[in-house]
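Engineer: Once you've had a glance at the structure underneath, I'll fire off some questions.
Every read-out reported here was derived from the displayed coordinates using simple, explicitly stated rules and does not represent laboratory data. The structure displayed is predicted, hence computed values, not measured ones. Virtual Cβ from ideal backbone geometry, glycine too; neighbours counted across all protein chains shown.
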Amino acid sequence: MRPRPADAPPAAGQAPGAGRLAAAFSARREAGGAAFIPYLTHGFPSPDDTPRLLERLAGAGADVIELGVPFSDPLADGPTIQRASWRALEQGVTLASTLDLVSERAADLPPIVLFSYLNPILHMGIGAFCERAASAGAAGVLVTDLPVGVDPELERRLSGAGPDLVRLVAPTTDEARIRGIADTASGFLYYVSRTGVTGARAELAATLGQEVARLRRLVDLPVAVGFGISRPEQAAEVAALADGVVVGSALIDALVEEGEEAFAELAGALAGAAHGG
């Protein structure tokens, strides 16, 4: 699927979040550098903290924010995000409450991508989820455990809901499948920089530049890279290769180990590195 024109406002009848991802990547491209895309689990450390932390990420320079929907079996996530999800679930956070938060805050924040597993969406009901995500102003939806081609009808309904359907691409994905993924995606492609689960890593893959270059030759959508990025120098390295830099576990670790000011400081340093500052 081709990206929407970046400067076009949502057409009559479109969801409030429609087109915001394309606009965010376009604005960042014009300003220089790559988009900074931090991840935050809704409800961690507490539901009351999340609105304030979202504002801190926006103030630190986030171009797009991934808001994680806590799930009891987050197979793609490492221990940091798993623990955050469990803490949020223990405090009653759900997909419904996450959508309520987005509805209240989306207009005042950078574009929000809902980062979810499929089970909570199925539990709510596809129709109800699509309607609520669109009306809440979510700019995108990323469903980590919905591979392309597994359920075409479900994919069609999600991609037509209003928010962009962001897709994952792995290092092991061949060229034919990359093209198939891109045909069903909008907003941007999320390139998983290594196999395995989320989590900070000391070093990036030595072949990352070649992998991103191959992906960018095959697709028209912006390419954001995540999994394992934890330090500003790594963010700068990725920003030289890709259109976006995704960081999650390192920010949550900073929040847990050093507190909110350290979380915001790291977010600012990562944003500056991604932006080329």
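Engineer: Counting only C-alpha contacts under 8 Å and six or more residues apart, can you give the relative contact order of the chain as a whole percent? Spell out each step's value before the answer.
Structural biologist: Numbers: 579 pairs, mean separation 65.2, N = 277.
The value is 24 percent.
Engineer: Spelling out what I want: for every residue of segment 129-140, take phi, set θ = phi - 60°, compute 6.51 cos²θ - 1.76 cosθ + 1.60 (Karplus), and round to whole Hz; glycine and proline get x.
Structural biologist: Using θ = phi - 60°, the values come out as 4, 4, 5, 6, 5, 5, 5, 6, x, 4, 7, x Hz.
Engineer: Between Asp220 and Leu75, what length in nm is gained on full extension when 0.36 nm per residue of separation is reduced by their alpha carbon distance? Before the final figure, lay out the partial values.
Structural biologist: Numbers: separation 145, 0.36 × 145 = 52.20 nm, distance 2.92 nm.
My answer for the length gained is 49.3 nm.
Engineer: Apply the Karplus parameterisation 6.51 cos²θ - 1.76 cosθ + 1.60, with θ equal to phi minus 60°, to every residue of segment 143-155 and state each ³J(HN,Hα) to the nearest whole Hz, in sequence, with x for glycine and proline.
Structural biologist: Going residue by residue, I get 9, 5, 10, 10, x, 4, x, 6, 9, x, 5, 4, 4 Hz, with x marking Gly and Pro.
Engineer: Please check which bits of segment 144-162 a label hung off Leu122 would reach, taking the label as a point 7 Å along Cα-to-C-beta and the cut-off as backbone N under 16 Å.
Structural biologist: From segment 144-162, the list is 144-158.
Engineer: Let me ask something else. Can you tally the net charge around Ala254? Count Lys and Arg as +1, Asp and Glu as -1, for every other residue whose Cβ sits under 15 Å from the Cβ of Ala254. Provide the component values of the computation, followed by the final result.
Structural biologist: Values: positive: Arg56, Arg83, Arg231; negative: Asp49, Asp253, Glu257, Glu258, Glu260, Glu261, Glu265.
After counting each charged neighbour, the total is -4.
Engineer: Oh, and also: Quick one: length gained pulling Glu153 to Arg52 fully straight, 0.36 nm per residue minus the C-alpha distance?
Structural biologist: Length gained, Glu153 through Arg52: 32.6 nm.
Engineer: 5 Å is the cut-off here: which amide hydrogens, built 1.01 Å from N in the peptide plane, fall below it relative to Val64, excluding neighbours closer than 5 in sequence?
Structural biologist: The answer is Phe36.
Engineer: Moving on. Hey, what do the phi angles of segment 75-90 turn into as Karplus ³J(HN,Hα) couplings, whole Hz, using 6.51/-1.76/1.60 and θ = phi - 60°, x for Gly and Pro?
Structural biologist: Here the 3J(HN,Hα) series is 5, 7, 9, x, x, 4, 6, 4, 5, 4, 5, 4, 4, 5, 4, 4 Hz.
Engineer: Explain nothing, just the number: dipole magnitude of the chain about its Cα centre with +1 on each Lys and Arg Cβ and -1 on each Asp and Glu Cβ, in debye rounded to the nearest 20.
Structural biologist: Working: 22 positive and 34 negative charges, 155 e Å.
I would put it at about 740 debye.
Engineer: What is the order of Val247, Val93, Val219, fewest Cβ neighbours within 10 Å to most? Could you put the intermediate results ahead of the total?
Structural biologist: Numbers: Val247 30, Val93 23, Val219 20.
Listing Val247, Val93, Val219 from fewest to most nearby Cβ atoms yields Val219, Val93, Val247.
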